[in-house]
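Below you'll find the structure, written out as structure tokens, and then a few comments.
All of the numbers you see were taken from the coordinates with simple rules; none came from a lab. As the structure is a computational prediction, the values presented were derived from the model and not from experiment. Here the Cβ positions follow ideal geometry from the backbone for every residue, glycine too, while neighbour counts run over all protein chains shown.
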Amino acid sequence: MTLEFAERIRRIPSYPLAAGYDLGAQTAMLASNESCFAPSPAVAEAAARALAGANRYPDPSYAALRGALADRYDLPPERIALGNGSCDILLAAGEALLEPGAELVYAWPAFSVYPHLAAASGARAIEVPLDSEDRHDLDAIASEVTVATRLVLVCNPNNPTSTAVSLEAIASFLERIPRHVCVILDEAYVEFSLTVGDTYSSVDLFQGLRPRRAAGRLRAVRLRGVPVSRRSGAPAVLSQRRSAGGRGRGASPSGRRGTARNARRRGPAAARRGVASA
Ligand SMILES: Cc1ncc(COP(=O)(O)O)c(C=O)c1O
């Protein structure tokens, strides 16, 4: 007899595993965001110090790290959430916001984990094709938002196309998104973008928003070789993320190319609006 897994787990697209992951110490596995350099000795020492206290549960609110980040980036600590990689935060946002009948909107192709949020929750994924220059078509994304939309993901710069839209374009896009929708700006690769410019200025985009327009900015950082992720955003959403708790990685981070099937997955927003408001 074989175990029967939950439908929401069976729906998650399986990610093809590579034949081997250890390509030797000299290889930087860029598709997995891996460096060939070991963590700095200071990081290894801090990890060893933390390990010495492993007989205690760690502080689940990460107060010390959130406080330090809040000081450094001049943000209230309630606006910072930490995760075990930014996939952890993405999946927790999906868990907190999505369910059958809800909709999730994102450009496609984009980061390969985005479809998992819909698969795992039973929400409907609306995949909006990139424009003719492989950039996010923010107008088309905004026009797909309906009363059923709970979450919009904007990957900037986009994985896998590396294209980016300006912060001004994102600011006016946010103005068009209704207050019931959470927008996550995924800036995992922002340091590599010449379009975005100042890599911290997008925090300001979300500062002025009223709390119910729960938006957040996702940032993947590596502390000298050890991945840590943080998200700044509306306190209400971040406390939901803390309630949802930590999650493991969803998938390998490299992007997958879109297919015609994916591009077709979205239906006309007007038709869906009818369904959503019923
Ligand atoms: C666009 C994007 N967002 C988020 C992530 C998640 O990265 P991690 O969970 O390693 O922090 C990745 C990883 O490749 C990515 O490409």
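Working from label points 7 Å from Cα in the Cα-to-Cβ sense, the E175 to L17 distance is 5.0 nm.
Within the range 1-110, the chymotrypsin sites (Phe, Trp or Tyr not before Pro) that combine a DSSP coil assignment with at most 14 other C-beta atoms in a 10 angstrom radius are F5, Y21, F37. Net length available on complete extension from A63 to I9 is 16.2 nm, with 0.36 nm assigned per residue and the Cα-Cα distance removed.
In order along the range 124-133, the phi-based Karplus estimate (6.51 cos²θ - 1.76 cosθ + 1.60, θ = phi - 60°) of 3J(HN,Hα) comes to 8, 8, 10, 9, 9, x, 5, 6, 5, 9 Hz; Gly and Pro are listed as x. Note on S32 and T2: their simple-model spin labels are 2.7 nm apart, each label 7 Å out from Cα toward Cβ.
For the range 92-163, the equivalent ellipsoid built from the Cα gyration tensor has semi-axes of 21, 13, 8 Å, listed from largest to smallest. Over the C-alpha trace of the range 31-73, radius of gyration and Dmax come out as 13.7, 36 angstrom.
Summarising the amide proton neighbourhood of R124: residues at separation of 5 or more, or on other chains, whose placed amide H is nearer than 5 Å comprise G101, A102, E103, L104. Counting neighbouring Cβ atoms within 10 Å and putting the fewest first, the residues F173, F192 line up as F192, F173.
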